[in-house]
Amino acid sequence: MVAAAAAAAAATATAAALLAPGLKLCAGRARVSSPSGLPLRRVTAMASAPNSSFRPEEARSPPALELPIPPLSKFKVALCQLSVTADKSRNIAHARAAIEKAASDGAKLVVLPEIWNGPYSNDSFPEYAEDIEAGGDAAPSFSMLSEVARSLQITLVGGSIAERSGNNLYNTCCVFGSDGQLKGKHRKIHLFDIDIPGKITFKESKTLTAGQSPTVVDTDVGRIGIGICYDIRFQELAMLYAARGAHLLCYPGAFNMTTGPLHWELLQRARAADNQLFVATCAPARDTSAGYVAWGHSTLVGPFGEVIATTEHEEATIIADIDYSLIEQRRQFLPLQHQRRGDLYQLVDVQRLGSQ
């Protein structure tokens, strides 16, 4: 909580420094102006009307959706950076306790880490996998998440667990509504297959199957796009979610001690700044005795790419505020959606285009 508060204060100071040059007081009200002295609305209008031959609306196919009005525009989110052991029953009870504590602290949205119910390893995925479709005793982690979301009346992005479906295993994130119902299920699209000589080699594809569908979920706390860990490296997926009207991207993830220091925060801030929306990540706490050692550093990033709250590698829960009004404000300051060059490039949402 101390780290989160410090990061939030730093983010506030950074945002103030960025915006201060254009802030003027007029008749007791704040009026935002550009460096040229023109009112923001006039500058925005000028920036929003590029040469018609640029065809910005065609830079997304189908055209980008309008940002929907969320049921809640301001709320608290909790990122539960959990310690994970080889004891599945303990992990389930431990996760439940963390969720309950977060809800008691006012969180309306709770996010869990990637593979929180057992060790992250190809040997463990089959052993800890659950049949989500069957539910009940075949899916104790899934059942706990559904029940606790309903009892606490929160939206729950349930990290990820190994899912067994037929002969396949998936790395799967389930999203639950405040009624405990499953709102969406994301199977990790981009499998973590890397080989950095002398550092780390891991091949999820040895045991896991890649998902086949992007996942956007309408919830009580807005429209959420879901990715899992390695999915964050692919900016096309985040761009697609933004074009579908997402307010927030959630990435349960477990970057390692090689790529974590280099890329974890960088990628979160890039996805947020590029798409001018919120990004929340949640990692497991670091266990140096584990076969796979996680970097930790769960983080919330705002639509200007600013770090709102973060933590180190120990077990911790971040409680932070999300204010969706900042999305529209930042998009007025930098009207990227009106400045894209549809005459030069285009992002095609294959799934949406095929459903038309």
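Structure data summary
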read-out	value
In region 137-163, the residues that are assigned to a strand (DSSP E or B) and either more than 24 Å from the chain's Cα centre (by Cα) or among the acidic types (Asp, Glu) (or both)	Glu163
Among (1) out of contact with any Ser or Thr (no Cβ under 9 Å at 6 or more places or on another chain); (2) crowded, with 22+ Cβ neighbours inside 10 Å; (3) free of Cβ contacts under 8 Å to residues at least 40 places away in the same chain, the one test that Glu163 misses	(1)
Which numbered condition Ser73 fails, given (1) under 22 Å from Ile226 (Cα atoms); (2) open to solvent by less than 50 Å² (accessible area, probe 1.4 Å); (3) within 22 Å of the chain's Cα centre (by Cα)	(2)
Strands (runs of 3 or more DSSP E) completely within region 244-356 that count 1 or more residues being more than 30 Å from Pro63 (Cα to Cα), open to solvent by 10 Å² or more (accessible area, probe 1.4 Å) and not hydroxyl-bearing (Ser, Thr, Tyr)	307-310, 316-323
Members of region 270-306 found to be among the charged types (D, E, K, R) and out of contact with any strand residue (DSSP E or B) (no Cβ under 9 Å at 6 or more places or on another chain), listed by number	Asp274, Glu306
Output for region 119-136, where each listed residue is assigned to a loop (DSSP other than H, G, I, E, B) and farther than 28 Å from Gln153 by Cβ	Pro119, Tyr120, Ser121, Asn122, Asp123, Ala129
Conditions (1) within 23 Å of the chain's Cα centre (by Cα); (2) assigned to a strand (DSSP E or B); (3) surrounded by fewer than 16 Cβ atoms within 10 Å (Cβ to Cβ); (4) not aromatic (Phe, Trp, Tyr); number of the one not met by Asp195	(1)
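The values are calculated or read from the model by the stated rules, or taken from the named source; none is laboratory data. All values reported here derive from a predicted model rather than from experimental measurement. As a convention, Cβ positions derive from the backbone with ideal geometry for all residues, glycine included, and neighbour counts pool all protein chains shown. Note: accessible area is taken over every heavy atom of the protein model, side chains too, but ligands, DNA and RNA are not part of it. Shrake-Rupley method; radii C 1.70, N 1.55, O 1.52, S 1.80 Å.
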